[in-house]
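In what follows, a single structure is set out as structure tokens and then discussed.
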Amino acid sequence: MGGAARDAFAPARLGALALRNRVIKTATYEGMCPGGVPSDALVEHHRRLAAGGVALTTVAYCAVAPDGRTFAEQLVMRPATVAPLRRVTDAVHAAGGAASLQLGHCGWFTKNKELSTWLPRGPSLVVNQYGISAGKPFGLAMGERELAQVPVEFARAAVLAREAGFDAVELHLGHGYLLSQFLSPATNRRTDRWGGSLANRARLSLEALRCVREALGSGTPILCKVNLRDGFRGGLELDDCVALARLLEADGADALVLSGGFTSRSPFYLFRGRRPLAEMIAAEPSRLQKLALRWFGARVIREYPFEEMFFLEQARAVRAAVRMPLVLLGGIVSRANVDRAMAEGFDFVALGRALIADPDLVERMRVDASARSRCTHCNACVAEMDTGGVRCVLDGPRPH
């Protein structure tokens, strides 16, 4: 890349979008859409982030179709959702920020009892442990007609997102959801044009990107969240991510958000730090799931020690392979981390837990080179998502 390091706190551009700095609030599931409808709490959550200096705040996991929800309470993009989401974007814009909507499809990883089919669909036949308690113990392989519909659903959702006032959209290609299931050799065992080589496994993601770009034109940036690694043997590895990055760059993605982990197999590969099993068990509404977590949680859910900038080394391989804008995330908790990311040639940084703990962190970092988040990486905020909405437990007991 070469040249002087960027100033993370100076105005920047993401495609056609002008941003006030290079700090993004990454998508972290909020748990603030009861009945699938954005709440006042969701509006305030993102308004606070914008008021605290975030350039682009990302509303997390909006399903592109009803069958794309992992559970019934999840946000789904449809015409009736536009007006409630407009309240979010209006509040963010009034606070000086911009807003992005993360668009995804769960594939077979669901416990949604409202599916249009008895069993969910994905790349290949699979045991769906997440859905056992809801009577969805397997995922079936998608047929050509179902596959043809997926890019259309992404494009339709993206157009509605723009109507709702979003300045950008993020396509979720990571974390073990549908597009990630196709990308991962562990879950895509197809022998047709959708499986086998990386080019075939990436076909659905690329068709979704092309369809969204055609629907939105060049004025709305499209980010793609991708896995550097799935985080388990046999999954997508770093060389696959590098090849995928080149394909996404060639097909016109505006930026890649470099993440990792597979929710059904390596969930805490992304959430480094303490494994909050007790809190997760307490928050789980299903008795069967509670028992499963109590009996098998410590063996199934691996704990990964926290390190600052824990994805940096892997992300360097992608930085060396493409010229497109890259967003570094993972353990960025201080102004020093942000400055280092810029010096390493990354275009933007994305923060999650650090901003849940400190919504004003970006403004503090802007004026104080020693600023850092108070986040302790206890990960109790993961359980809080299911008990009224994501929050930092350092704030004390949840208000009633």
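Screening the range 166-261 for helices (runs of 4 or more DSSP H) wholly inside it with 2 or more residues that are out of contact with any His (no Cβ under 7 Å at 6 or more places or on another chain) and under 21 Å from Pro120 (Cβ atoms) returns the ranges 178-183, 203-216. Can you confirm whether the range 65-88 contains a residue that is surrounded by 24 or more Cβ atoms within 10 Å (Cβ to Cβ), closer than 23 Å to Ala98 by Cβ and touching a Lys or Arg at 6+ places or on another chain (Cβ under 6 Å)? Within the range 65-88 (the criterion being surrounded by 24 or more Cβ atoms within 10 Å (Cβ to Cβ), closer than 23 Å to Ala98 by Cβ and touching a Lys or Arg at 6+ places or on another chain (Cβ under 6 Å)), the answer is no, since none of the residues qualifies. Scoring Leu49 on the criteria (1) over 25 Å from Val212 (Cα atoms); (2) modelled with pLDDT under 95; (3) within 20 Å of the chain's Cα centre (by Cα) leaves a single failure, condition (2). Is one or more of the residues making up the range 78-94 of a type in the set (A, V, I, L, M) and modelled with pLDDT under 95? No, because not a single residue in the range 78-94 is of a type in the set (A, V, I, L, M) and modelled with pLDDT under 95. Out of (1) of a type in the set (A, V, I, L, M, F, W, C); (2) under 18 Å from Arg6 (Cα atoms); (3) in contact (Cβ under 8 Å) with a residue 60 or more places away in the chain, what's the single condition that is false for Val318? Going through (1) of a type in the set (A, V, I, L, M, F, W, C); (2) under 18 Å from Arg6 (Cα atoms); (3) in contact (Cβ under 8 Å) with a residue 60 or more places away in the chain one by one, Val318 breaks only (2).
Taking the range 252-268 as the region of interest, how many residues are modelled with pLDDT of 95 or more and more than 15 Å from Ala321 (Cβ to Cβ)? Full working, then the answer.
At the first step, the residues of the range 252-268 found to be modelled with pLDDT of 95 or more are 252-262.
With more than 15 Å from Ala321 (Cβ to Cβ) added as a condition, the list becomes 252, 254, 257, 259-262.
Number of matching residues: 7.
Just one of the listed residues (Ala343, Ala350, Ala317, Ala292) is small (Gly, Ala, Ser) and touching a helix residue (DSSP H, G or I) at 6+ places or on another chain (Cβ under 7 Å), namely Ala317. Is it the case, given these coordinates, that Arg210 is within 22 Å of Glu313 (Cα to Cα) and among the charged types (D, E, K, R)? No; evaluated as a whole, the condition is false for this residue.
Restricting to the range 96-123, and then to whatever is out of contact with any helix residue (DSSP H, G or I) (no Cβ under 8 Å at 6 or more places or on another chain) and surrounded by 20 or more Cβ atoms within 10 Å (Cβ to Cβ), can you tell me which residue is nearest to Arg78 (Cα to Cα)? Walk me through it before giving the result.
Within the range 96-123, the first condition is being out of contact with any helix residue (DSSP H, G or I) (no Cβ under 8 Å at 6 or more places or on another chain), and the residues that meet it are 100, 102, 118-119.
Imposing the further condition that a residue be surrounded by 20 or more Cβ atoms within 10 Å (Cβ to Cβ) reduces the set to 100, 102.
Numbers: Ser100: 16, Gln102: 14 Å.
Among them, the one singled out is Gln102.
Considered as a group, the residues in the range 13-46 that are basic (Lys, Arg) and outside any loop (DSSP other than H, G, I, E, B) include one that is surrounded by the most Cβ atoms within 10 Å (Cβ to Cβ), and that residue is Lys25. For the condition acidic (Asp, Glu) and either at pLDDT 95 or above or touching a Ser or Thr at 6+ places or on another chain (Cβ under 8 Å) (or both), Glu303 does not qualify.
The numbered conditions (1) among the β-branched types (Val, Ile, Thr); (2) touching a strand residue (DSSP E or B) at 6+ places or on another chain (Cβ under 9 Å); (3) modelled with pLDDT of 95 or more are all true for Val242 except (2). Being under 19 Å from the mean Cα position of the chain (by Cα) and among the small types (Gly, Ala, Ser) holds for only one residue in Ala383, Ala369, Ala321, Ala336, and it is Ala383. Look at (1) assigned to a helix (DSSP H, G or I); (2) surrounded by fewer than 24 Cβ atoms within 10 Å (Cβ to Cβ) and you find that Leu49 fails only one, number (2).
Of all the residues in the range 14-26, those that are touching a Gly at 6+ places or on another chain (Cβ under 8 Å) and under 14 Å from Thr57 (Cβ atoms) number 5. Give the residues of the range 295-315 that are farther than 30 Å from Ala16 by Cβ and touching a residue at least 12 places away in the same chain (Cβ under 8 Å), sorted by residue number. Of everything in the range 295-315, those that are farther than 30 Å from Ala16 by Cβ and touching a residue at least 12 places away in the same chain (Cβ under 8 Å) turn out to be Gly297, Ala298, Ile301, Arg302, Glu303, Tyr304, Pro305, Phe306, Glu307, Glu308, Phe310.
Residues in the range 268-286 that are free of Cβ contacts under 8 Å to residues at least 60 places away in the same chain and surrounded by fewer than 19 Cβ atoms within 10 Å (Cβ to Cβ) were compared, and the one that is nearest to His377 (Cα to Cα) is Leu277. If you go through the range 271-296 and keep only what is part of a loop (DSSP other than H, G, I, E, B) and among the polar types (S, T, N, Q), you end up with just Ser286. Residues that are among the small types (Gly, Ala, Ser) and either assigned to a helix (DSSP H, G or I) or at pLDDT below 95 (or both) within the range 117-147 comprise Gly131, Ser133, Ala134, Gly135, listed in sequence order. For the range 297-323, a residue qualifies if it is assigned to a loop (DSSP other than H, G, I, E, B), closer than 24 Å to Thr376 by Cβ and not acidic (Asp, Glu), and the qualifying residues are Ile301, Arg302, Tyr304, Pro305, Phe306, Met309, Phe310, Phe311.
Counting only residues that are among the aliphatic types (A, V, I, L, M) and out of contact with any strand residue (DSSP E or B) (no Cβ under 7 Å at 6 or more places or on another chain), the range 313-328 holds 4 of them.
The values are calculated or read from the model by the stated rules, or taken from the named source; none is laboratory data. Note that the structure is predicted; figures quoted are calculated from it, not measured. Neighbour counts run over all protein chains shown; Cβ positions are idealised from the backbone, glycine included.
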